[in-house]
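What follows is a single structure, written as structure tokens, with notes after it.
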Amino acid sequence: MLEVYIDAASAGNPGPSGIGIFIKGEGHHLQFSEYIGHTNNHIAEFSALVRGLEEAQKLGTSLVSVRSDSKIVVASMEKEYVKNEEFKPYLEQALTLASSFELFFIKWVPDSQNKAADALARAAIQHEKS
């Protein structure tokens with residue numbers, strides 16, 4: 001099973017944003033820190049989810065467990081619904097990616113359990129500023 005920890009950070013809301021993804025399990029220990037431009041924090045969180053699922057898919061795994069400290073992302077995936085039209089394309093893409101795995105789980109975790117992904121997301125913004 002792959003554990004995929006995702007997070008996003010925005011310097012302002014909206015503002016310069018970055019995503020962080022930490023993947024472990026099945027012999028993997030991968031980190032991704034990417035600047036994604038000027039956006040709001042919720043879109044950045046959904047972007048982190050999509051990017052994390054894309055990376056998990058590349059690894060050819062059948063079992064994925066995503067951990068996120070974003071309640072809106074976790075609730076949207078669980079309900080397969082989001083009210084805000086702006087988030088729908090991201091949710092649809094994430095649901096399509098999630099359906100490619102035999103088993104997919106998503107779980108909300110507190111910030112304290114998501115420090116690696118958080119640091120990667122913040123680093124992406126700092127790297128862009130320098």
**Report entry** Of residues in region 17-69 being basic (Lys, Arg) and over 10 Å from the mean Cα position of the chain (by Cα), the one farthest from Arg122 (Cα to Cα)
**Finding:** Lys58
Requested in this report: Output the number of the condition that Glu54 fails; it satisfies all remaining conditions of (1) modelled with pLDDT of 95 or more; (2) in a helix (DSSP H, G or I); (3) surrounded by 15 or more Cβ atoms within 10 Å (Cβ to Cβ).
Outcome: (3)
Query raised in the report: Taking the stated definitions as given, is Ser10 buried (at least 18 other Cβ atoms within 10 Å of the Cβ), closer than 11 Å to Ala124 by Cβ, of a type in the set (Ser, Thr, Tyr) and in contact with a Ser or Thr (Cβ under 7 Å, 6 or more places away or on another chain)?
Result: yes
Requested in this report: State which residue pairs qualify: first residue in contact (Cβ under 8 Å) with a residue 60 or more places away in the chain and more than 12 Å from Lys24 (Cα to Cα) and inside region 56-69, second residue among the hydroxyl-bearing types (Ser, Thr, Tyr) and surrounded by 14 or more Cβ atoms within 10 Å (Cβ to Cβ) in any location, beta carbons under 8 Å apart, and separation of 6 or more residues or different chains.
Outcome: Ser68/Tyr5
Query raised in the report: Does region 63-80 contain at least one residue that is under 16 Å from Val4 (Cβ atoms) and in contact with a Gly (Cβ under 8 Å, 6 or more places away or on another chain)?
Result: yes
Query raised in the report: Going by the structure shown, is Lys88 touching a strand residue (DSSP E or B) at 6+ places or on another chain (Cβ under 9 Å) and among the basic types (Lys, Arg)?
Result: no
Query raised in the report: Within region 57-68, how many residues turn out to be surrounded by fewer than 20 Cβ atoms within 10 Å (Cβ to Cβ), part of a strand (DSSP E or B) and hydroxyl-bearing (Ser, Thr, Tyr)?
Result: 1
Query raised in the report: When you look at Ser47, is it among the hydroxyl-bearing types (Ser, Thr, Tyr), closer than 17 Å to Lys107 by Cα and modelled with pLDDT of 95 or more, yes or no?
Result: yes
Report summary line: In region 24-51, residues that are surrounded by fewer than 24 Cβ atoms within 10 Å (Cβ to Cβ) and either of a type in the set (A, V, I, L, M, F, W, C) or not in a strand (DSSP E or B) (or both) total 12
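The values are calculated or read from the model by the stated rules, or taken from the named source; none is laboratory data. Note that the structure is predicted; figures quoted are calculated from it, not measured. Quick reminder, even Gly has a Cβ in these numbers, built from the backbone with ideal geometry, and neighbours come from all protein chains shown.
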